[in-house]
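See below for the structure under consideration.
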Amino acid sequence: MAYVVFLRGVNVGGKNVFRPAQLAVALADLDVVNVGAAGTFVVRAKASEAAIRREILARLPFEVKLAVVPGDEVIALARSKPFQGVAISKGARAWAAAMHGQPSASPKLPLATPVGDAWSVRFDRVAGSFALGIWRRQPMGFVFPNQVVEKALGVVATTRWWETLERIAAILAKTPDPKADAAAAPAAARGAAKPRPRRTRSQRARR
């Protein structure tokens, strides 16, 4: 099973700057694909969630929080088209926040921050491991969606724009499924036509 890793709080200042492409190279044994510069990776090799966490944390010179989500869940979320019909632009973008565990609260949704018509972040719903919503550009400054999610749900979250999730889903769709390949091999072997033995001249004469 492929996994998707979302790192939180990296590449946002002088302290935690790192080069994700270099980290992906260092994790070549996990067949890692780097997606963007925010710390998002698709792990295509066969490995457990615990092993993936251990490998990544061992190669970073600073502490970081990360969410590890099964690739199948990301594909299913993208195929559900949660923002279909929503007008997306540079001033109004869709976001998805990967949660680092189970929420400890269940607020009434949708939830807008700040309250009122001039909201900057709207938290619409929870879908599996993700919180989903819309961000709007406002003159009062930038409000990070993960701040809204963490306050509302009581769980650490890592936000990515929706187009990043779509890129991830496209990569996952091209990733071979070892389980499917293993199941297909015996079926293909059973269904393969066996060559018919050639008849000798005497056998053809007796017909």
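Rule-based calculations on the coordinates, nothing more; no lab input. This one's a predicted model, so the numbers in the text were calculated from it and none came from an experiment. Cβ: placed from backbone, ideal geometry, glycine included. Neighbour counts: every protein chain shown.
A few remarks follow.
- Relative contact order (%) - the range 85-160, alpha-carbon pairs under 8 angstrom, separation at least six: 40
- Sequence ranges 48-60, 158-170, ranked by mean other-Cβ count within 10 angstrom, highest first: 158-170, 48-60
- Put simply, the convex hull of the Cα atoms in the range 85-160 casts, on average, a shadow of 5.0 nm².
- Qualifying chymotrypsin sites (Phe, Trp or Tyr not before Pro) in the range 37-103, where qualification requires a DSSP coil assignment and no more than 14 other C-beta atoms within 10 Å, comprise F62.
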